[in-house]
Amino acid sequence: MRVSIDTHPGGANPNEDWAAGTPALAVVLDGLSTAGLATGCRHGVPWYVAHLGSQLVAALADPDRPLSSGLADALERVATMHPECDLSNPGTPSATVAILRHRQGLLDHLVLADSPIVLGAAQGYSVITDLRVDDVLPEMKAEVERHETHTEGHREALQRFVLAQRQVRNTPDGYWIAAASPDAAEHSLTGTTPLGEVHAAAVMSDGVSRLVTEYKMATWSEVFATLQTGGPRDLIDTVRKVEATDPTGRRWPRYKSGDDATVAYCRW
């Protein structure tokens, strides 16, 4: 498996995405924004995703290990790296997880929250994602989206929304995300696809997938054409050009003018 990767921050703040690729593995993590709220952790989201990502790659060195088992192990190991932090805080650093593994003519996948994996096959494109978060607090999400980005009303509505989300994060009544507890790994969505059915794949953060899913300014066929000719950087540049036409979120209401964007493009 050949993996091409690029990642770019959404603005002036540090990039909270993380990605890695090996001949058998592609991993993308998308750290959750804190919206300026306390987390109980002195390290921050970029530290968390970097350590979780490296532990994931190490945990999955055994090609036959179940992906969910590797994720649980990585979560537990990262938690032991900062015991002085308040890991019981509902805002403790957290991230989405998307993993694609090439193993003996098979493609194993794992997704936890809304960073998708898209498989390209002769008959079309299939999207593997976990959208349980979309069912949580839709009224508060709509309130955020009523405000233009970079306004005081937007900031206040977003903080209220994030605070409410934290109360249902990693609970049966909410949605599941990689955070401090290894239990979240049991709630990831996993599966296997025969490699012969897939000619290419893309593992990405939602800062990229929104070009198709939210902005509707491209199809998956066009996304893969861009990846084939210009690679991940060209695809991310396309997202930024689209967002530049709507900097305050009037046409496409959103949490940020530009989100961190990451793509791992896989070919065989």
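Just so it is clear, none of the values below were taken in a lab; they were calculated from the coordinates. Here the structure is a predicted model, which means the values were calculated and not measured. Glycine also receives a Cβ, built like all others from the backbone with ideal geometry; neighbour counts cover every protein chain displayed.
Over the C-alpha atoms of the range 155-268, the Rg to Rh ratio, Rh being the Kirkwood estimate, stands at 1.03.
By the Cβ distance rule (another cysteine Cβ under 4.7 Å), the unpaired cysteines of the chain are Cys266. Relative contact order for the chain: 28 percent, from Cα pairs under 8 Å spaced at least 6 residues apart, divided by residue count.
Against the empirical 2.2 N^0.38 Å (N residues), the range 38-145 has a Cα radius of gyration ratio of 1.27. By the helix-only formula, in which each DSSP H run with n ≥ 4 contributes -39500 (n - 2.57) and the sum is divided by residues, the chain has a 222 nm mean residue ellipticity of -10500 deg cm²/dmol. By the equivalent-ellipsoid construction on the alpha carbon gyration tensor, the range 171-224 comes out with semi-axes of 27, 19, 9 Å, ordered largest to smallest.
Helix screen, the chain: DSSP H segments with Cα axial length of 20 Å or more and mean Kyte-Doolittle hydropathy at least 0.5 are 45-59, 67-81. Counting other Cβ atoms within 10 Å as a rough exposure proxy, the listed residues Lys141, Lys241 run Lys241, Lys141 from fewest neighbours to most. Which value in Å does the Kirkwood hydrodynamic radius of the range 1-54 take, with 1/r averaged over all unlike C-alpha pairs and then inverted? 12.4 Å is the Kirkwood radius here. For the chain, the residue among Leu71, Val49, His82 whose Cα projects farthest onto the positive side of the dipole built from Cβ charges is Val49.
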